[in-house]
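Below: the structure, in structure tokens.
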Amino acid sequence: MRKAEEGKEGGERKLKMGLKGFFWSNSKVDRLRSSVVNRSRMKLWMMRATTTVLLWASVVQLMALGEMWRPRLLKDWPSCFTAATSSSSALAVEFASDPIKIASPPKRIYKSNGYLMVSCNGGLNQMRAAICDMVAIARYLNATLIVPKLDKTSFWADPSEFEDIFDVDHFITSLRDEVRVLKELPPRLKRRVELGLFFSLPPVSWSDISYYHSQILPLLLKYKVVHLNKTDARLANNGLPVDIQKLRCRVNYNALKFTSQIEELGRRVIGILRHNGPFLVLHLRYEMDMLAFSGCTHGCNEDEAEELTRMRYAYPWWKEKVIDSDMKRREGLCPLTPEETALILRALDIDPNIQIYIASGEIYGGKRRMQSLARSFPNLVRKESLLRPEDLMFFQNHSSQMAALDYLVSLESDMFVPTYDGNMAKVVEGHRRFLGYKKTISLDRKLLVQMLDQYTNGSLSWDELSSFVKKAHAERTGSPRQRIAIPDRPKEEDYFYANPHECLGPDRSNGPLRIA
């Protein structure tokens, strides 16, 4: 009986403990479930909060990058909700040099004889002329042209690619009816090039187009990829078929369009200049590299002359080391100094109040050497003085992009005066001829230095100097003239890109000639 009662009490205890355990277990599950739910909600909330913060950070970052990278000029564009005001007047500037807007030409259908790769050398305008030559050569050889590579190893060490300076899509599309242009080799051929299965050479300078048919075409047919690794002055000035000459012009004046960023900044500079009246562009080629490599030290002190000589010796690729500066100057092979330039502009009766835009890099000797020019012509300006530092921030250390900006301003100026007949002076002169024989004064430096020395030593009066200078340059203003050809001496001939007369007509004051 007692055992029965004890068994009954034990059973009740077990039942109570079981029920207690059951309820405790349920309670624990509920707490765990609640904890999981709370953690899930917390995790979801944290994910949402993090995503929101990241999105806002991205928006702020993109806005900041937009402010940095977008050309400052775009800020002046009227929005969709506001009317245009006078603040956008600079954007209304139209370039006389703008390519003629025509529909995309039909593709030229032909069997390609191979792929032509080219590596340009030199500064912007040297490479510009070379690109025009290479397009003409590719067209003649029925070759597919790969977008040219620009020089990154020259003195300027500019890392700019083709597409950083020129509108690459416009370049390809505008030439579709003449030559097939690709941005890069097809993958199979790219692999062959990586393995060295191609032919590379520098073409012979000043070659007739027949050279490329007899020497380059067989290589193209054999190797399928030919790399021309030096391109300056590789095509003759004269004796070429008219269609080749006109194609060179078409590339130069239509296909080679600067990027929208460069053009928009150019419009801004030109708008500011035009707002203030007429302006003259002075291509003052009195920079350290020019003086060092030409050996021209007239007007420099002993320390400067020694510094320029050391610089010339520091570059092994510059072959000429010992240079007689005085003799070179007498032969007219040195750029005019800023002091000489001031005298010549005064002798030409240039208005002392005209704006003079200095198209160049840093002048050797700085403000000290510019004092004479600034006294005679106080309205000297540069892109750096017309624009804010942030406008040019992404052009710094990119000499070709800075040169492209100067090129645009030079084309649009009321007068262009180069103090040295380098590549920019020649190519700009030819482009201004194409635009309707816009006034370009080509200074006869050999004659000028003789007259300047006579004026300096007192054997020539100011009136006599001025009269001689004006008379000597009356026919050197970019007017129509035939290009001079000198058989067997191509380096001494008139440069094709300075006077592409095959592409020009009579005085065309109403605008550029359309190149068929």
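Restricting to region 357-388, name every residue that is within 19 Å of Ser400 (Cα to Cα), open to solvent by less than 30 Å² (accessible area, probe 1.4 Å) and either without any contact (Cβ under 8 Å) to a residue 12 or more places away in the chain or in a helix (DSSP H, G or I) (or both). Listed by number, the list holds a single entry, Lys383. Is one or more of the residues making up region 188-210 open to solvent by less than 20 Å² (accessible area, probe 1.4 Å), touching a residue at least 60 places away in the same chain (Cβ under 8 Å) and either part of a loop (DSSP other than H, G, I, E, B) or of a type in the set (Phe, Trp, Tyr) (or both)? Checking region 188-210: not a single residue is open to solvent by less than 20 Å² (accessible area, probe 1.4 Å), touching a residue at least 60 places away in the same chain (Cβ under 8 Å) and either part of a loop (DSSP other than H, G, I, E, B) or of a type in the set (Phe, Trp, Tyr) (or both). If you scan region 100-129, which residues turn out to be open to solvent by 50 Å² or more (accessible area, probe 1.4 Å), β-branched (Val, Ile, Thr) and under 25 Å from the mean Cα position of the chain (by Cα)? Answer for region 100-129, where residues must be open to solvent by 50 Å² or more (accessible area, probe 1.4 Å), β-branched (Val, Ile, Thr) and under 25 Å from the mean Cα position of the chain (by Cα): Ile100, Ile102. Of everything listed in (1) more than 17 Å from the chain's Cα centre (by Cα); (2) more than 22 Å from Met117 (Cβ to Cβ); (3) in contact (Cβ under 8 Å) with a residue 12 or more places away in the chain; (4) part of a helix (DSSP H, G or I), the single unmet condition for Asn254 is (1). Annotation: of all residues in region 490-502 being outside any loop (DSSP other than H, G, I, E, B) and either open to solvent by less than 60 Å² (accessible area, probe 1.4 Å) or of a type in the set (A, V, I, L, M) (or both), the one that is modelled with the lowest pLDDT is Pro490. Filtering region 280-319 to residues that are in a helix (DSSP H, G or I) and of a type in the set (S, T, N, Q) leaves Ser294, Thr309.
Checking each residue in region 471-489 for being charged (D, E, K, R) and open to solvent by less than 80 Å² (accessible area, probe 1.4 Å) picks out only Arg483. Among all residue pairs at least 6 apart or on different chains, which show Cβ distances below 6 Å where the first residue, located in region 220-249, is open to solvent by 30 Å² or more (accessible area, probe 1.4 Å) and the second is part of a helix (DSSP H, G or I) and of a type in the set (S, T, N, Q)? Qualifying pairs under 6 Å: Asp232/Gln126. Scanning region 424-465 for residues that are open to solvent by 30 Å² or more (accessible area, probe 1.4 Å), outside any helix (DSSP H, G or I) and free of Cβ contacts under 8 Å to residues at least 40 places away in the same chain returns Lys439, Asn457, Gly458, Ser459, Ser461. Summed over region 151-173, residues that are modelled with pLDDT under 95, surrounded by 20 or more Cβ atoms within 10 Å (Cβ to Cβ) and out of contact with any helix residue (DSSP H, G or I) (no Cβ under 6 Å at 6 or more places or on another chain) total 1.
Under the condition of being farther than 20 Å from Lys446 by Cα and under 19 Å from the mean Cα position of the chain (by Cα), the residues counted in region 409-429 number 7. Considering Arg234, Arg250, the condition of being of a type outside the set (Asp, Glu), out of contact with any helix residue (DSSP H, G or I) (no Cβ under 7 Å at 6 or more places or on another chain) and closer than 21 Å to Gln126 by Cα is satisfied by Arg250 alone.
Can we say Leu141 is of a type outside the set (Gly, Ala, Ser) and loosely packed, with under 15 Cβ neighbours inside 10 Å? For Leu141, the condition - of a type outside the set (Gly, Ala, Ser) and loosely packed, with under 15 Cβ neighbours inside 10 Å - is not met.
Within region 397-422, the set of residues being open to solvent by less than 10 Å² (accessible area, probe 1.4 Å) and in a loop (DSSP other than H, G, I, E, B) comprises Ser413, Thr419.
On inspection, Ile244 qualifies as more than 22 Å from Tyr407 (Cβ to Cβ), of a type in the set (Val, Ile, Thr) and either at pLDDT below 95 or touching a Leu at 6+ places or on another chain (Cβ under 9 Å) (or both). Of all residues in region 329-356, those satisfying the criterion of being free of Cβ contacts under 8 Å to residues at least 60 places away in the same chain, open to solvent by less than 40 Å² (accessible area, probe 1.4 Å) and not in a loop (DSSP other than H, G, I, E, B) are Pro338, Ala342. The set of residues in region 279-301 being within 20 Å of Val417 (Cα to Cα) and among the β-branched types (Val, Ile, Thr) consists of Val281 alone.
The values are calculated or read from the model by the stated rules, or taken from the named source; none is laboratory data. Given the structure is predicted, the values throughout are model-derived calculations rather than measurements. Here Cβ is always computed from backbone atoms with ideal geometry, including for glycine, and neighbour counts include all displayed protein chains. Side chains are part of the model used for accessible areas, which takes the heavy atoms of the whole protein and leaves out ligands, DNA and RNA. Shrake-Rupley method; radii C 1.70, N 1.55, O 1.52, S 1.80 Å.
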